[in-house]
1. Threshold 40 Å², probe 1.4 Å: give the residues of region A:1-37, in number order, that are less accessible with all protein chains present than with their chain alone.
2. For chain B, give me the percentage of DSSP beta bridges that are antiparallel, rounded to the nearest 5 percent.
3. Isolated Cys in chain A by the 4.7 Å beta carbon test?
4. Count the net charge of all other residues whose Cβ sits under 12 Å from the Cβ of B:Trp58, scoring Lys and Arg as +1 and Asp and Glu as -1.
5. How large is the dipole of the protein assembly as shown about the Cα centre if only Lys and Arg carry +1 and Asp and Glu carry -1, each at its Cβ, rounded to the nearest 20 debye?
6. How much mean residue ellipticity at 222 nm does chain B get from its helices, if each DSSP H run of length 4 or more adds -39500 (n - 2.57) and you divide by all residues, to the nearest 500 deg cm²/dmol?
7. Putting +1 on Lys and Arg Cβ atoms and -1 on Asp and Glu Cβ atoms, find which of B:Leu109, B:Val36, B:Phe196 reaches farthest to the positive end of the dipole of the protein assembly as shown.
8. Heavy atoms only, probe 1.4 Å: what % of the accessible area of region A:3-114 goes to carbon and sulfur, would you let me know?
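The values are calculated or read from the model by the stated rules, or taken from the named source; none is laboratory data. Quick caveat, the model's predicted, so the values are computed rather than measured. Note that each Cβ is placed from the backbone with ideal geometry, even for glycine, and that neighbours are counted across all protein chains shown. The area values use the complete protein model at the heavy-atom level, side chains included, leaving out ligands, DNA and RNA. Shrake-Rupley method; radii C 1.70, N 1.55, O 1.52, S 1.80 Å.
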Amino acid sequence: MHEASLVRALLTQVGKLLTGHNGATVEVVRVEIGPLSGVEPTLVEIAFQQQVDATPCCGATLKIKEVPLTAVCRDCSNEFNIESFRFQCIACGSNQVRITHGDEFRLLDVELRTASPVTTQPN
Amino acid sequence: MTSVTTTIPVNRDIKAELKRQAEEMRCDFARRGTLVINMLSSPGAGKTSLLEATAKHWRGQRRMAVLVGDLATDRDAQRLAPHCPVEQLTTGGACHLEIPLVQRGLEKLGSNDFEFLFIENVGNLVCPASHDLAEHLRVVLLSVTEGDDKPGKYPKMFRTSDAVVISKSDLLPHVPFSVDAAIVDARLIQPDLETFTVCALTDGGIEKWCQFLERARDRMISAVNVTAETVTP
């Protein structure tokens, strides 16, 4: 179970984004998890809940977007989704495929709430 | 007093910084002529035995060192110590090695004048697959007692590996394990896998395995030289 250490890395990165946003709080942390990312979404969620309140991201919500594993065939250039880890082109049967998406645990974006009043720009 | 929500786009792999560090270290190792091999398997598949046999095969000819990761004890380091420089990396509870642990191990090794540096990962076919340790080669061991159906069950491990070593081949007559079936299953996940069958206790297959590593190091050095020639007018 290495989700805990990856979530720690995630929270550190999000914490760094707070620098330069004085008094801001983190509302939402949006991540993407693919089937070959090596992490399990449920365990990421649990690790996040266990750790978040002890960090500057205290109170933040984690939103996980689960994405499919996609590949492109090196032989016929077909782009397709890999199901059940069958690394084979569904069009030509070639096993020379390059993974294009779904093998990472990515930080997509972060929503910050700034407590300072909105200043209206003079025209 | 109103509050305002701002979305900060990032769109970056959480391990991006670690991957960058790993890439930098990999280039440094290559320039120094050190081929780094990340050795992975389930516990007890024979990583340490394979490294003992490798060190004996190369004795007096090749300079190798080992960083060996375990949750506890320095038993593997003690086994390897008579054969080559070795440092035990004790992870406490962690199920895999990460770059900072490797860096600490390298500092303890002192010398960096090795032709081959093996990183024997924690026995685990899951988590170590997600961590780049600056290796040039990722090698997964599968012992014949584990069953030939394992590659398909651990797709990330086999997809990210360069070679599979089927170990404990002396037990083949006693277990229902098909080397061919295991290789076919592994190549469904990673068609370019190199495969070896070894028995570390009897030295079976060790010469072929060592030659593979020697060729990989030669290729690495040629690639470094080509890059150097391109850069230097």
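1. Those are A:His2, A:Leu6, A:Gln13, A:Leu36, which lose 40 Å² or more relative to the chain on its own.
2. 5
3. Here A:Cys57, A:Cys58 come out as lacking a disulfide-compatible partner, given the Cβ-Cβ threshold of under 4.7 Å.
4. Values: positive: B:Lys56, B:Arg59, B:Arg62, B:Arg63, B:Arg217; negative: B:Glu52, B:Glu115, B:Glu207, B:Glu214.
In short, +1.
5. Values: 37 positive and 45 negative charges, 83 e Å.
Dipole about the Cα centre, nearest 20: 400 debye.
6. Details: 8 runs with 92 residues, N = 233.
Taken over chain B, the calculation gives -12000 deg cm²/dmol.
7. Result: B:Leu109.
8. Details: 2580 of 5500 Å².
Carbon and sulfur atoms account for 47 percent of the accessible area of region A:3-114.
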